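The values are calculated or read from the model by the stated rules, or taken from the named source; none is laboratory data. In this text the structure is predicted, and so the values were computed from the model without any measurement. Note that each Cβ is placed from the backbone with ideal geometry, even for glycine, and that neighbours are counted across all protein chains shown.
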Amino acid sequence: MKTSRIGTHLLSVLLLLLWGGVMIYFHASGRLAKGEYVSKNGIFTTMVLVGGIGCVTLALFNLATMGAKEEDCCDHDHGHDHDHSTCGHDHSHAHAEDCGHDHSQKESCCGHDHGHDDHAHHHEPSHDDHADHAHGILEESGALGRIVAIMILVVPITYASINSPDGFKNVQTIANKGVYNQTYKTDAMAGKFDLNKADAPAAPVAKPAVQDTPPAAPLKAAGDSPPPAVAAVANNPPPAAQTKSLGSFTLKDLEAQVPKSKDGNFMLEVPEIYYTAGDKEVQGVLTGQSVETIAQVIPEKVNNEKGTRVRIFRMLIQCCAADARPYSVPVEFAEKAPQLKDMSWVKVIGKMGYRKEGDQTVPVIMATSMTAAAEPDNKMVY
């Protein structure tokens with residue numbers, strides 16, 4: 001094997017090791033599992049590990065077989081014997097002319113055109129005779145082409161391993177995802193965050209207090225009105241079963257489905273608040289209720305002429321960063337909104353309200369407080 005080919009072969013092995021090593025590193029270091037670009041529930045992280053192991057395995061195989069001799073691409077036995085001792089040699093095939101005959105044959109499987117004008121040919125080709133055969137992108141081009149190919153393979157993966165952020169780190173990235181162009185009418189994920197669900201747990205029904213049995217009322221003639229206690233039971237019978245009414249959404253339904261903080265605030269995720277804009281029954285129950293949520297904060301750029309609003313959001317991801325989407329709602333203050341670091345985590349407490357803005361009903365949290373909060377374990381909503 002020529003020295004140039006050995007160098008090219010080793011370079012290919014190194015490139016495979018680089019790609020495989022970076023993929024294994026991303027998986028082993030936890031940057032994929034802890035980051036914000038892939039769902040923890042999918043198989044993407046596993047496939048990255050499998051791909052990395054595959055690249056390393058292929059590199060080691062290529063390294064182990066680097067010195068193996070390559071077989072010739074065809075058998076150069078042309079089916080006739082030449083006795084080239086004299087011009088009057090005897091061939092096993094007929095010649096139409098004398099010594100100056102031309103017995104061009106069909107191209108062999110290697111594509112070699114054997115015109116036998118000179119019978120001094122000797123069919124024992126070595127690998128060096130075919131050194132110009134293509135064996136991959138690094139051998140098909142000249143020095144400049146090889147440099148370009150190597151840069152294409154090395155630079156992106158190296159940059160990604162060193163400089164790629166592990167999440168959505170700036171306002172512009174979130175803006176590009178449509179955080180300021182929310183469509184509260186959409187129902188793309190409404191079923192996941194709808195508070196008015198048919199399969200929601202039933203609101204607890206309080207059992208009536210046990211009272212002493214009153215003395216029996218005296219019998220009355222037919223047509224007389226029943227005693228007040230009897231009339232109350234007849235007109236308001238106890239529920240036969242503790243089931244949720246699907247015809248309406250009540251405060252009891254909300255209390256049964258949504259936990260409360262120790263201060264009595266309904267603890268809702270931003271996507272849940274987002275989707276209440278599509279359900280008038282839920283709006284009627286939730287309006288004026290005190291809610292609490294943890295989210296990231298960014299400046300408000302919509303309907304904020306007085307500077308009394310900020311916007312909070314959570315990122316929802318189903319598979320990977322390609323389908324990541326911000327769910328956001330405005331937070332309004334009585335006076336100028338406080339200045340907090342963009343993309344920082346905050347806890348917001350306030351009263352729920354709804355505004356008609358343009359052709360949409362927008363859920364708005366009327367803030368009573370907004371304070372810095374610790375980053376939650378699950379930064380993304382899945």
Problem - Residue check, Asp342 among the charged types (D, E, K, R), surrounded by fewer than 22 Cβ atoms within 10 Å (Cβ to Cβ), farther than 21 Å from Lys177 by Cα and not assigned by TED's automatic domain parsing to the domain that holds Leu32 - result: no
Exercise for the section: Considering each of Met315, Met352 in turn, give the residue that is in contact with a Leu (Cβ under 8 Å, 6 or more places away or on another chain) and closer than 21 Å to Asp187 by Cβ. Expected result: Met352
Exercise for the section: Output the number of residues of region 251-268 satisfying the condition of being buried (at least 16 other Cβ atoms within 10 Å of the Cβ) and outside any helix (DSSP H, G or I). Expected result: 4
Fill in the blank from the handout: When Pro165 is run through (1) at pLDDT 75 or above; (2) assigned to a loop (DSSP other than H, G, I, E, B), the failure sits at (1)
Exercise for the section: Could you please find all residues in region 157-188 being among the small types (Gly, Ala, Ser), buried (at least 16 other Cβ atoms within 10 Å of the Cβ) and within 11 Å of Arg325 (Cβ to Cβ)? Expected result: none
